[in-house]
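Report on one structure; see the data block that follows.
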Amino acid sequence: MRLPNLLFPVLLAILLSACGGYEIKNLAKSDIDLVADEFIDESRREVRELLVKLYKRNPNQLAKIPGMTVNGRLAQLKTAHGVLDFPELDGLQGIDAMNLTFDPAFQGDRAFALVVGLGGMLRQAYSFKSELFIHDRLNSAALLTSARNVEVLLWKLKNTRQSTGEPYLVTYEYRGVIDNLSFERLFGKLIVLQEMMARIAGDADDRAVTRSVHAMSSVFLPLPI
């Protein structure tokens, strides 16, 4: 995947910001740990932004939980530590929660299911840690698989339809007209973050093989342990 030019300034800003705000705890962090912390924070910000954008275009999903607000949903994501596990999704997490979005039998909030699944999968790629230290090890294969799953998610949002022909969630298209590319840009940022972190973790040699093998699949892949 060729990275759009507009994403490089974003990544540069993330890398530069990792050098600021030095704290005592950072003595137990390598340079890669500091960069990974910034990538983790940025990916979580992007997921929260995605939630807001989805509810703007799909208010009917938020209305499925009486009294629920966008701020209430954001608070649920911000206060969750480690795994994202919510009773309304029957405890489904990661790719299982994302699959609910496209399940015809699912009657719940599809926007929330998507974000919980995506956010949980990205957390899993970093072993559910909010920050890394010297003794932690990144799983480059998991990072790469998570990037690929974001690509699959974007494809499914564009191409998976209800029996009526309508998308399960309105994103870049409304009533057959492409009118919003901001979703693609957001997903593009997430893909780049995960791929860049995988490269930093030392998996550049295997990247081409991994992506060529799975490029034609439209099914989410479990992250390697």
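Consider only pairs whose beta carbons are under 7 Å apart and that are at least six residues apart or on different chains; among these, list those whose first residue lies in region 164-183 and is of a type in the set (A, V, I, L, M) and assigned to a strand (DSSP E or B) and whose second residue is modelled with pLDDT of 85 or more and surrounded by 12 or more Cβ atoms within 10 Å (Cβ to Cβ).
Qualifying pairs under 7 Å: Ile178/Tyr172.
Could you check how many residues of region 53-72 are surrounded by 14 or more Cβ atoms within 10 Å (Cβ to Cβ) and either more than 20 Å from the chain's Cα centre (by Cα) or not in a loop (DSSP other than H, G, I, E, B) (or both)?
10
I'm trying to understand the selection: among the residues of region 175-184, which are loosely packed, with under 14 Cβ neighbours inside 10 Å and over 21 Å from Ala113 (Cα atoms)?
Arg175, Gly176, Val177, Ile178, Asp179, Leu181 - these are the residues of region 175-184 that are loosely packed, with under 14 Cβ neighbours inside 10 Å and over 21 Å from Ala113 (Cα atoms).
Within region 122-163, can you find the residues that are assigned to a loop (DSSP other than H, G, I, E, B) and crowded, with 19+ Cβ neighbours inside 10 Å?
Tyr126, Leu132, Leu138, Asn139
Being surrounded by 11 or more Cβ atoms within 10 Å (Cβ to Cβ), within 24 Å of Gln124 (Cα to Cα) and modelled with pLDDT under 80 is the requirement here; does Ser43 meet it?
Answer is no for this residue.
Quick one: which residue in Asn99, Asn58, Asn139 is in contact with a helix residue (DSSP H, G or I) (Cβ under 8 Å, 6 or more places away or on another chain) and at pLDDT below 95?
Asn139
The values are calculated or read from the model by the stated rules, or taken from the named source; none is laboratory data. Because the structure is predicted, anything quoted here is derived from the model rather than measured. Note: ideal-geometry Cβ built from the backbone for every residue, glycine included; neighbour counts use all protein chains shown.
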